[in-house]
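For reference, the structure discussed in these notes is given below.
All of the numbers you see were taken from the coordinates with simple rules; none came from a lab. Since we're looking at a predicted model, the values are computed, not measured. Cβ sites come from the backbone with ideal geometry, for glycine too, and all protein chains shown count toward neighbours.
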Amino acid sequence: MMKYIKRMLLFLISTVVLCANTGCRGGFDAAGYTQALLHLTFQGDTKEALRMIDGATYETLMLNYQESVDAFTVNVITSQFDISETKQTQFAELVAKIFSVMRYEVTGAEKTGEKEYEVSVAIWPADIFVKFRELLVTDSLEMAKEIQEGKYKGTEEEIDSQIMADIVNHAYELLDSAYMQADYGERKTVILKVKADKKNEYYIDEDDMNNLMEKILRLDEM
């Protein structure tokens with residue numbers, strides 16, 4: 001699963017960086033900029049991003065947000081399933097809900113160079129995907145037993161179809177259950193480096209943002 005997580009994170013960072021380019025006029029608010037991007041990434045909240053990012057539109061920001069949610073859903077959860085567009089949308093909507101309950105707080109910014117900053121972000125890691133993985137393991141063992149006991153009837157193709165439908169439905173229910181029972185770990189601090197490129201456009205260091213995503217969602221434990 002880790003390769004799918006990495007693929008999603010790279011996609012997410014690329015969309016965030018692309019929509020995060022902004023010129024520096026009258027000083028740069030690195031903490032505000034970081035908060036705006038985190039709110040966009042996790043909440044789908046464009047208000048601060050529209051204020052902080054030159055040339056951004058609500059439509060473009062929401063498109064990038066939805067694409068990142070969809071990419072996460074496909075690469076981390078549904079890539080192994082042949083599912084309908086309706087079910088894919090349901091999973092994406094649940095992922096958006098999961099993102100929205102992430103707990104984080106920008107706590108400060110320190111200028112470390114002419115156009116470089118280190119922004120401190122407090123996070124409280126959520127155990128949703130850790131719970132989801134544990135529930136999937138238990139459920140898969142139960143399904144294997146039911147298959148052996150002959151629960152599924154019909155031709156081989158019909159049985160395969162029934163099993164896949166149950167796997168997809170169970171996965172959604174288990175992820176929803178993990179979301180509803182979310183617990184949060186102790187506060188941790190993550191440092192994000194914010195820099196300007198040659199065009200004087202600011203962006204968050206990709207590796208740092210990857211690290212924050214992995215830790216706040218506890219993907220690094222999967």
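Modelled this way, with points 7 Å down the Cα-to-C-beta line, the labels at Glu158 and Glu85 are 2.9 nm from one another. When only Cα pairs below 8 angstrom with a gap of at least 6 residues are kept, the chain shows a relative contact order of 27 percent. P(r) tail, the chain: Cα-Cα pairs separated by more than 26 Å, 41% of all pairs. The ranking of Asp45, Asp183 by Cβ neighbour count inside 10 Å, starting from the fewest, reads Asp183, Asp45.
Listed by chain and number, the lysines whose alpha-carbon sits under 16 Å from that of Lys115, ignoring those within fewer than 8 places in the same chain, are Lys193, Lys195, Lys198, Lys199.
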